[in-house]
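Each remark here refers to the structure printed beneath this line.
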Amino acid sequence: MPIKNTIAGFHEEMTAWRRHLHAHPETAFEEFKTAEFVTEKLTTFGLEVHRGLAGTGVVGVLRRGEGPSIGLRADMDALNMEEENDSTHRSQVPGKMHACGHDGHTTMLLGAAKYLAGAGRFQGTVHFIFQPAEENEGGARVMVEEEKLFEKFPMEAVFGMHNWPQLPAGRIAVRPGPMMAAFDLFEITIHGKGGHGAMPHLSNDPVVIGAQLIQAFQTIVSRRVNPHDTAVLSVTRLKGSDSFNIIPGSAVLGGTVRTFSREVQDQVESAMREMAEHICRGFGATMEFRYERRYPATLNEAVSTERAVRAASAVVGEDNLVLDPQPSMGSEDFAFMLQKKPGSYIWIGAGGEYMVHHPKYDFNDEILPVGASYWAELTEQLLAAS
C-alpha cells in the first residue's frame, strides 16, 4: 500500500497521539483539552492557529504561495457511554469514550498537517478544520451558520472522512450523491385521562392511543413512500406511567426518521402529523407534535468526488476502492458543510469486530498512515505546485 514514506516514519508517534486522545475523551462542546492538544501540535508544526470556533473548534491554516484554498475536516468529540475494553489506553473518564473513532480522525488530520507543513509539495492554502460536537449536537452547523466558517476561511471545496469498521482495513469507499441519511427526531405527547389500572373504563388511556400511533406509523414507509425512494421511521420509546397499576394522564412516544431527499422528508413528516392528529382526535384525546430536522443528508458533489477517487487510488490502489457503496442510514453533520461548499466525504476501511458506537469498539491504529496519506495526497493533487 503506497502510503507516503514520511508519514509512515511517524506512525508510532501518531499512534501515541491517538491513544492519548482515546484515554481522555470529551463530549460535545466540552473538547477543551482536546483543542489544547490539537493547538499544541499545529503550533509545533508551524501553522497559523485559530481557536474558539463553536466554543472548542480549532482551525489550522497552512499557506504556501498564491493558489486555491481547500478545507479538510476532522471531528473531535466522544460519546456518553462506558467503555468495556481493558487496554492500557482505555478511557480514563467514567461514562465517556471514543466509540466512533473521532480520536483517529483527529490524529490522521494532525498527521497530514505535520507532513504538509514539512515535506508537502503544494501551492495554495489548506484549512485543517477540527470540529466539535458531531455526535447529535451539530457542531458543523454551529461552525458554518453561527461562526461563519467559510467567510472567515474562504475555500473552494471541503472534504471529510470517517472510519468504517464494516469495510476491510485500508480500503476506501466513496460515491457521488448520498453517503449518509438525514437525521430527524420526533416526540409526540398524548394527553388522555389517567386512572386506576383496574378500572380502565373510567380513563382514556394514552398508552393504548400511543400503540395505535406506532402501528399506523409503520404504514407510512410501506404505503405512502414510493418504493424506489428510501426512508426509515423508527419509534424507539413509549413512556407512560412509572407504576404497574396507574393509567397515566399523558404518554410520550418518540423516535427517529432517516431519509435521503427533502421531498421524502416532507412527505414523512406531513403524514406523521396528520395521523397523530386524527388518531388522537378519534380517541377523544389531544396531542402535541414536535418534529426536529437535526442533520441534512450527506450528499457528495460529483467533481469533488472524482478528485477524491483519484487521491484515494494513488494511496490504496484501484483494487482497494469501493465506488458503489450502499449509502448508510446513519447521519453525519459534515452535511452542513457540503450544503455550503462543493466537497466529498469518504469512508476509510478499519476492519475489526465491532461497529462504531459499540462499548468494545476501538480505532484501528494500523490505518492512521493510510488516512493521513489520503489527506496529504488529496492536497498535493488539488493544490499542485506549478
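Computed from the coordinates by the stated procedures, all read-outs in this text should not be read as laboratory data. This is a predicted model, so every value here is computed, not measured. When we count neighbours, we look across all protein chains shown, and the Cβ atoms used for this are built from the backbone with ideal geometry, even at glycine.
Annotations
- Mean separation of Cα contacts under 8 Å (6+ apart) over length of the chain, as relative contact order %: 25
- Across all C-alpha atoms in the chain, the radius of gyration and Dmax reach 23.4, 83 Å.
- Mean ellipticity per residue at 222 nm, deg cm²/dmol - from DSSP H runs of n ≥ 4 across the chain, formula -39500 (n - 2.57): -10000 deg cm²/dmol
- Among the listed pairs K4/K41; K33/K114; K96/K152; K4/K152; K41/K96; K4/K360, a Cα-Cα separation exceeding 28 Å is found for K96/K152; K4/K152; K4/K360.
- Whole-Å semi-axes of segment 182-295's equivalent ellipsoid (Cα gyration tensor): 29, 13, 11
- Descending semi-axes in whole angstrom, ellipsoid equivalent of segment 80-138, from the Cα gyration tensor: 31, 15, 6
- Set of lysines near K239 by C-alpha distance (under 21 Å), chain-local residues within fewer than 8 positions excluded: K193
- Inter-label distance, A198 to E274: 4.5 nm, where each label sits 7 Å from its Cα along the C-beta direction.
- Residues K340 and F289, FRET efficiency given R0 of 25 Å [Cβ-Cβ distance, rounded to 0.05]: 0.25
- Length gained on full extension, A119 to Q215, computed as 0.36 nm times the residue gap minus the Cα-Cα distance: 28.5 nm.
- Spin-label pair E82/R237, simplified geometry with 7 Å Cα→Cβ offset, distance in nm: 1.9
- Stokes-Einstein diffusion coefficient of segment 37-82, Kirkwood radius over Cα pairs, 10 °C, 1.306 mPa s, in µm²/s: 127
- Shape of segment 145-238, Cα gyration tensor, a/c cut at 1.5: prolate
- In terms of the mean number of neighbouring beta-carbon atoms within 10 Å, the peptides 373-379, 4-10, 208-214 order highest first as 373-379, 208-214, 4-10.
- Charged-residue dipole, Cβ positions (Lys, Arg, Asp, Glu), the chain about Cα centre, Debye nearest 20: 480
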